[in-house]
Amino acid sequence: MNPKLRLATVWLGGCSGCHMSLLDLDEWLIDLAAHVDLVYSPIADTKIFPSAVDLALVEGAIANNEHLELIHTIRRNSRILVSLGDCAVTGNVTALRNPLGAAAPTLQQIYVDHGDPRGIIPSEPGIVPVLLDTVVPVHAVVPVDHFLPGCPPPAPRIRAMLEALLEGRTPDAQGPEMLRFG
Amino acid sequence: MSQRIVIDPVTRIEGHAKISIYLDDMGEVSDARFHVTEFRGFERFCEGRPFWEMPAITARICGICPVSHLLASAKAGDGILAVDIPPAADKLRRMMNLAQIVQSHALSFFHLSGPDFILGFDSDPATRNVFGLIAANPELARSGIRLRQFGQEVIEHLGGRKIHPAWAVPGGVRSGLPDQARQAIREKLPEAFSITRAAIGHMKTFLDTYRDEAASFGTFESLFMGLVADDGTWEHYGGALRVVDATGAILEDHVEARRYAEIIGEAVEPWSYLKFPYYQPRGYPDGMYRVGPLARINVCRSFGTPQADDELIELRQRGGATIKSSFFYHYARLVEILGALERIARLLDDPDLASRRLRADAGVNRLESVGISEAPRGSLIHHYKVDEHGLITQVNLIIATGQNNLAMNRTVAQIARRFVRGNTIPEGMLNRVEAGIRAFDPCLSCSTHAAGQMALDVRLIGPDGQELDRVVR
Ligand code: SF4
């Protein structure tokens, strides 16, 4: 038997819907558990992105400095990187703030002008990440091996891709079943 | 030197967060903070969009409870049209919300907190997750997966997809529930009931096993807020807001959606993207209140369904008439699943569901409206202003998890004081601090992506706690 695949799932600037769709694999998760070790995930307890990851599924766009640092680590430490869902693939809803311009005026408006007149903007160094002025998709920062669109990609689409990758095949990302956005 | 211990990221909650625990010179815990680190700015970029689009867009705030946003948004939209939606639409929306309560609570109990309960707080962190649970107790894991699946499938039967169905719209819903789907749901109900009852049995054991945790996981006095029906029974979609204090005394009742700002104010802190709502009459931060399953149970008279009401009696025997321990969120969640299943069963037999009248047509008749529904994690408020063309001019979203922000900070500090000693901190203790947060099942995708605007009463507070200024608008 092949050794178990080291699987990481990562949540960047997204709504967690893509992770929920992953959980919609339902009982197939039990089969999956026989073939993978979940080494990093919002549903697991590892705090540091590990090395020698075989497969990293990334949900969400790159929206702040911590995402930016993390995505470089993910790329360095992962053999296969998948952009999971429209936010990772295009920026999608997370990028809807881009036309508003730089992050600072948006924060000013939300937290101060329409918020708390103490004039506080969340900004504690090392605690709240600095927003990027422009939200970008994952492949704008690091090379991506496979793209799985959908908002979120339905569970059967995720399963088809995982089955291919587990068998060492290239996922057959064709046709409306695999490629539809939204 | 005082020092700070940072847990980064906090895991097995739905979102991006860190916790800081502050130690004083003696190495004792002096303070703890729960930081929310994501921001998406929905309230800002929705300006200028037609209110018709809001249910589908705001559902993307959160993949765990998209239905909550869908419904709160559609209800706000109903108000802009100034219509009463057809009875069938009302009942179908209710069914979807109940299904979401089932799936989201199942996720919280089995997938996220289950590993702590079943594998133990001090078990190996490498396997303390749902996959570890699958390995250790496959049948229990499978039952949790199937219960969540039941909820997701009801949502799919109604809305055509499990996540982000664009189904509820201002004025009603897009489609009904075909007989076949009704039958399919009916057939799966008995299993869902038996999984839930078994889980409640487990929960009672955990209360004994984890007596220490139950006593120290965020046990404190606070206010509680949630929707209740006109007769004071448990509510999740209609009714009006009620606020009770730690003794169960009713401070506010029959507060309709449009009056929410009279009781809720919002504050900002530099160390979190999540705002801090508080009960206005008590000010910030004294107006700390809790929302969600525990709060709904504390504000309601009864469930109004027999099985859940039986469990409620025992829940109150164990936790008190007004329950103060946040550990009981877990228990309350399971009893809510039971009550939700009973209500789904009841709705399936409702003759109104067969009606083809699902949507009321109208144009813009009001320029401002507020919609409230109970998300799994607590009251969710969507407040819109539009121009005469129905384009959004202002949005305010008050999210369940935000309303628990003050209580979560209090919880973290309390647990840290109880378990953290000195400079060497066993992993299991850090996990307990996280587990305290997990009891609230915070949905940070919601809370962080909807930074609020338009606080209607805001106070300026100096370092000594003095109120320096106050603006009400
Ligand atoms: S692609 Fe859709 S479901 Fe996935 S994170 Fe983005 S908004 Fe959520």
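Worth pointing out:
- For first residues located in the range A:75-92 and in contact (Cβ under 8 Å) with a residue 24 or more places away in the chain, partners that are crowded, with 23+ Cβ neighbours inside 10 Å and of a type in the set (Ser, Thr, Tyr) and lie 6+ apart or on another chain with Cβ distances below 8 Å form the pairs A:Gly85/A:Ser21; A:Cys87/A:Thr94; A:Val89/A:Ser83.
- Filter pass, A:Pro171 being away from chain B (no Cβ under 12 Å), assigned to a loop (DSSP other than H, G, I, E, B) and open to solvent by less than 40 Å² (accessible area, probe 1.4 Å): yes
- Which numbered condition B:Tyr331 misses (of (1) open to solvent by 10 Å² or more (accessible area, probe 1.4 Å); (2) in contact with a helix residue (DSSP H, G or I) (Cβ under 6 Å, 6 or more places away or on another chain); (3) in contact (Cβ under 8 Å) with a residue 60 or more places away in the chain): (1)
- Some residue of the range A:92-109 being more than 10 Å from chain B (Cβ to nearest Cβ), within 16 Å of the ligand (Cβ to nearest atom) and either open to solvent by 40 Å² or more (accessible area, probe 1.4 Å) or small (Gly, Ala, Ser) (or both): no
- Flag if B:Gly151 is part of a helix (DSSP H, G or I) and open to solvent by less than 40 Å² (accessible area, probe 1.4 Å): yes
- Check on A:Ala61, surrounded by fewer than 22 Cβ atoms within 10 Å (Cβ to Cβ) and either within 11 Å of the ligand (Cβ to nearest atom) or not aromatic (Phe, Trp, Tyr) (or both): no
Condition check ((1) more than 25 Å from A:His72 (Cβ to Cβ); (2) away from the ligand (no atom under 16 Å from the Cβ); (3) at the interface with chain B (Cβ under 9 Å from one of its Cβ atoms)) across all residues:
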residue	(1), (2), (3)
A:Thr90	no, no, no
A:Pro122	no, yes, yes
A:Val130	no, yes, no
A:Ala140	no, no, no
A:Leu148	no, no, no
A:Pro154	yes, no, yes
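- Any chance B:Lys188 is more than 30 Å from A:Thr9 (Cα to Cα) and either within 14 Å of chain A (Cβ to nearest Cβ) or in a strand (DSSP E or B) (or both): yes
- Residue list for the range B:112-145, filter: of a type in the set (D, E, K, R), open to solvent by less than 30 Å² (accessible area, probe 1.4 Å) and within 9 Å of another protein chain (Cβ to nearest Cβ): B:Arg128
- Failed item in (1) within 16 Å of the ligand (Cβ to nearest atom); (2) farther than 19 Å from A:Leu148 by Cβ; (3) free of Cβ contacts under 8 Å to residues at least 60 places away in the same chain, with A:Phe49 passing the rest: (1)
- Meets criteria (of a type in the set (A, V, I, L, M, F, W, C), out of contact with any strand residue (DSSP E or B) (no Cβ under 7 Å at 6 or more places or on another chain) and closer than 21 Å to B:Gln149 by Cβ) for B:Phe117: yes
- Those residues of the range A:2-20 which are within 16 Å of the ligand (Cβ to nearest atom) and either open to solvent by less than 10 Å² (accessible area, probe 1.4 Å) or out of contact with any His (no Cβ under 9 Å at 6 or more places or on another chain) (or both), in sequence order: A:Thr9, A:Val10, A:Leu12, A:Gly13, A:Gly14, A:Ser16, A:Gly17, A:Cys18, A:His19, A:Met20
- When A:Leu55, A:Leu25 are checked against the criterion of being within 16 Å of the ligand (Cβ to nearest atom), open to solvent by less than 40 Å² (accessible area, probe 1.4 Å) and touching a residue at least 60 places away in the same chain (Cβ under 8 Å), A:Leu25 stands alone in meeting it.
- The strands (runs of 3 or more DSSP E) falling completely within the range B:237-312 that include 2 or more residues that are within 14 Å of chain A (Cβ to nearest Cβ) and buried (at least 16 other Cβ atoms within 10 Å of the Cβ) map to B:264-267, B:276-279.
- Yes/no for A:Ser78 being hydroxyl-bearing (Ser, Thr, Tyr) and either more than 16 Å from the ligand (Cβ to nearest atom) or at the interface with chain B (Cβ under 8 Å from one of its Cβ atoms) (or both): yes
- Among the residues here, B:Arg174 does not qualify as open to solvent by 10 Å² or more (accessible area, probe 1.4 Å), at pLDDT below 90 and on the phi < 0 side of the Ramachandran plot.
The values are calculated or read from the model by the stated rules, or taken from the named source; none is laboratory data. Nothing here was measured: the structure is a model prediction, and the numbers come from that model. Methodologically, a virtual Cβ is constructed for each residue, glycine included, from the backbone with ideal geometry; neighbour enumeration extends over all protein chains shown. Side chains are part of the model used for accessible areas, which takes the heavy atoms of the whole protein and leaves out ligands, DNA and RNA. Shrake-Rupley method; radii C 1.70, N 1.55, O 1.52, S 1.80 Å.
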